[in-house]
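*Asks:* Below you will find the structure I want to go over with you.
Each value in this text was obtained by applying a stated rule to the coordinates, not by laboratory testing. In this text, all values refer to a predicted model and were calculated from it rather than measured experimentally. Don't worry about glycine lacking a Cβ; one is built from the backbone with ideal geometry, like all the others, and counts go over all protein chains shown.
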Amino acid sequence: MTRRIAQLSLTVVALVVGVLLIGQLRSQAPAIELSGLSAQELSDLIETLSTGNAQLTDALTEVQQQVAEYDRLAVAGDSTVTLTREDVVRFSAFAGLQAVEGQGIVMEIEAQFQPTSVNDLIHELRSAGAEAIAIDDIRITATSVPVLGTGSIEIDGVSIGNALRVTAVGSPDGLKAALERPGGILSLLAQSIAATFSVETRDHVLVPATERDLTPQVAQPVE
Amino acid sequence: MAAALAVIGFAGAAQWNSSLGREEFITSAQRVLVSRAEQLQRDQELMLGEIAEAETQLQSLQERDTGSRTEIQLLSERLLAARVAAGAEEVRGPGMIVEIADSLRPVPVGESQSNYIVLVDDLRDIVTALWGSGAEAISITGSLTEGAPSARLVSTTSIYGAGVAILVNGVALSPPYRIEAIGPEGIHDRFVTHPAYLARVIERVEAYQLQFAHEARDEVTIQGFVGNTRMQWGAAVEQP
């Protein structure tokens, strides 16, 4: 009898230990990181995550529709070559190998640029949802970075001057608002490097394809 | 039994203390926001998983086509090349890794705490120095959420700061950050001597003792990008 009570007690103790340890582990998890953010920072994070999730929802719907279309064609015994061709175009445009046209903005900006300020501008546009960007007709791909060349800033080996024309495909109002918001990138550039600028929304902009070969030399696809 | 009770005591006290800590610093409004952000992160993870699954399904359907073998073979090669250029394929090759984390040094009185943590500019500078050193593929790991995939850097990637959180491809990451890069021989040497971008990071590493390490690797594997590759506001211009 005494032994059974001891066993039962140990079981209860083990259970309580387990529950407490799990509680402790969970309380150390991501929430602590997020709780370190201020209300304003959390609001910004929520806005960014919400925008990203809305885009992911659209992407998921589209890829699911594409799968359904492939299935339908396969059942009917039809070729799916046209769909695959569309996919080649999609990835080529995304990579920067193909020109892109659509709605967006054109920004004229003049300043004594540093490579970092041009880089910040690119990141700001991307974070505002730009789908394709060109600076002075140089298509910005994943690997395009402004660096200090011999006497001037270069992107993909092409020199850029102090007056830039930036073209971006994306939500015209969203891009303009993100660039021009108080405390945003343009007001920072105006303060730090005396940038002067104008941003226009457009129903049609054209972002050219990159002139670079994006085929990697050493990075090989994993089978 | 005594040992078990001691563990209960420790766990209970720790649980109680951490709860007290949070109560102290989080207002109810913040708690609502934290909970909303956590929910959005969970949704994001779920959708990224579903997109990855659907893309895999799509690739297998593309390989099963019943049309002309030659045309399909050519098309498959073009698709693979486009996917590789876009960063959508997992790739492997020689390269290097970089790790950076917040300083372990106590913040001196009167100094800003933000000097002692990894900032969005540090990550941007490291990544830019890597691209500038010839990197062909880069990923960043360091998620707030356990088990989240690495963020592969692609044409639409922004590295963006929201307070202490850094968002890469819209995913909130936290330190320590691990940046992996694949690139041609000598990438590590070129990175170390990269003039502009790395100089800013090194200055902060030395001044505030941020934890920073890097080394060349014979082989690095970098996952393919999972996310939105479809354009909502634009379309590819038809090529003749």
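*Asks:* Pick out which of A:PRO146, A:PRO172, A:PRO182 has the largest mean-square fluctuation in a Gaussian network model of chain A, springs linking Cα atoms closer than 10 Å.
*Replies:* A:PRO182
*Asks:* Continuing with the same structure: If each Cα of the range B:91-222 is one equal point scatterer, what is log10 of I(q)/I(0) from the Debye formula at q = 0.19, 0.21 Å⁻¹?
*Replies:* Here log10 of I(q) over I(0) equals -1.08, -1.29.
*Asks:* To the nearest 0.05, what FRET efficiency results for A:ARG181 and B:ASP43 with a Förster distance of 25 Å applied to their C-beta separation?
*Replies:* So, using R0 = 25 Å, E works out to roughly 0.45.
*Asks:* Taking the 0 to 90 degree range and rounding to the nearest ten, how far is the long axis of helix A:39-76 tilted relative to the main principal axis of chain A, both from C-alpha atoms?
*Replies:* Rounded to the nearest ten degrees, it is 90.
*Asks:* Loop only by DSSP, 13 or fewer other Cβ within 10 Å of the Cβ. Give me the GluC sites (Glu not before Pro) in the range B:203-240 that pass, ordered by residue number.
*Replies:* Counting only loop positions with at most 13 other Cβ atoms within 10 Å, the GluC sites (Glu not before Pro) in the range B:203-240 are B:GLU238.
*Asks:* Taking Cα centroids, how far is the range A:141-176 from the range B:150-191 in Å?
*Replies:* The distance from the Cα centre of the range A:141-176 to that of the range B:150-191 comes to 20 Å.
*Asks:* Please compute, for the alpha-carbon atoms of the protein assembly as shown, the extent along each of the three principal axes and give them in descending order in Å.
*Replies:* Sorted from largest, the Cα extents of the protein assembly as shown read 88, 64, 44 Å.
*Asks:* A further question on this structure: Once you put a point 7 Å from the Cα of B:GLU219 and another 7 Å from the Cα of B:SER76, both along the Cβ direction, what distance in nm separates them?
*Replies:* 2.4 nm
*Asks:* Report the full-extension gain for the segment A:GLN64 to A:ASP78: residue separation times 0.36 nm, less the Cα-Cα distance, to one decimal in nm.
*Replies:* This chain segment gains 3.1 nm when fully extended.
*Asks:* Between the range B:37-79 and the range B:223-240, what's the alpha-carbon centroid distance in Å?
*Replies:* Each part reduced to its Cα centre gives a spacing of 14 Å.
*Asks:* Moving on. Percent of Cα-Cα pairs more than 28 Å apart in chain A, please.
*Replies:* For chain A, the share of Cα pairs beyond 28 Å comes to 52 percent.
*Asks:* Per DSSP H run of n ≥ 4, the term is -39500 (n - 2.57); total these for the protein assembly as shown, divide by its residue number, and report the mean residue ellipticity at 222 nm rounded to 500 deg cm²/dmol.
*Replies:* When only DSSP H runs of four or more count, the value is -16500 deg cm²/dmol.
*Asks:* How big is the dipole moment of chain A about its Cα centre under a simple scheme where the beta carbon of each Lys and Arg is +1, that of each Asp and Glu is -1, and everything else is neutral? Debye, nearest 20, please.
*Replies:* It works out to roughly 1240 debye.
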